[in-house]
Amino acid sequence: ASQEVLLVTTPEPTSYVDAYQMLKNIHFYSPTQPVHLIVNMAANQSEGEQTASFMNEMANRFLQHSLNHIGTVVRDPDVPASIRLQRPFLEESPHGPAARGIQQLSTRLLNQTSNREEGGQPEKSLWSKVIQFVRKGAVAHAG
């Protein structure tokens, strides 16, 4: 079983349906599993918050399952441009809006998993290890 579940949705009705269906499956097999919600490609932070609020309301009403909204990644024109160049957008635009959103939600998730580890979980989570690895690479790349 995974220590962390990240559910990603966008502010589009079809994405709501897909995310809700995935949440139903997660809830069926592991009803107490915490689920972190990420809103991707939002027009702005406000739209991300509205989407997260809507998803959380549906999860609470129909599944009695709360979602932990850890962040929003806003729509960023540098992302499709980097896709056309076949280059990671984090390298092409490390200070752009999408990169900042990913950094913020990564930090939130890392802090939450670190707090749980300090609270008695002896083994570091996979997510914590990945973030540490990425940060080391980012420091080496920036240097």
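A short reminder: the numbers here are calculations on the coordinates, not readings from a lab. Here the structure is a predicted model, which means the values were calculated and not measured. When we count neighbours, we look across all protein chains shown, and the Cβ atoms used for this are built from the backbone with ideal geometry, even at glycine.
Summing Lys and Arg as +1 and Asp and Glu as -1 over all other residues whose Cβ lies under 14 Å from the Cβ of residue 53 gives a net charge of -2.
Distant-in-sequence amide contacts of residue 8, defined by a placed amide H-H separation under 5 Å and a gap of 5 or more residues or a different chain, comprise 38. Here r is the Cβ-Cβ distance between residue 57 and residue 21 and R0 is 25 Å; the resulting FRET efficiency, rounded to 0.05, is 0.95.
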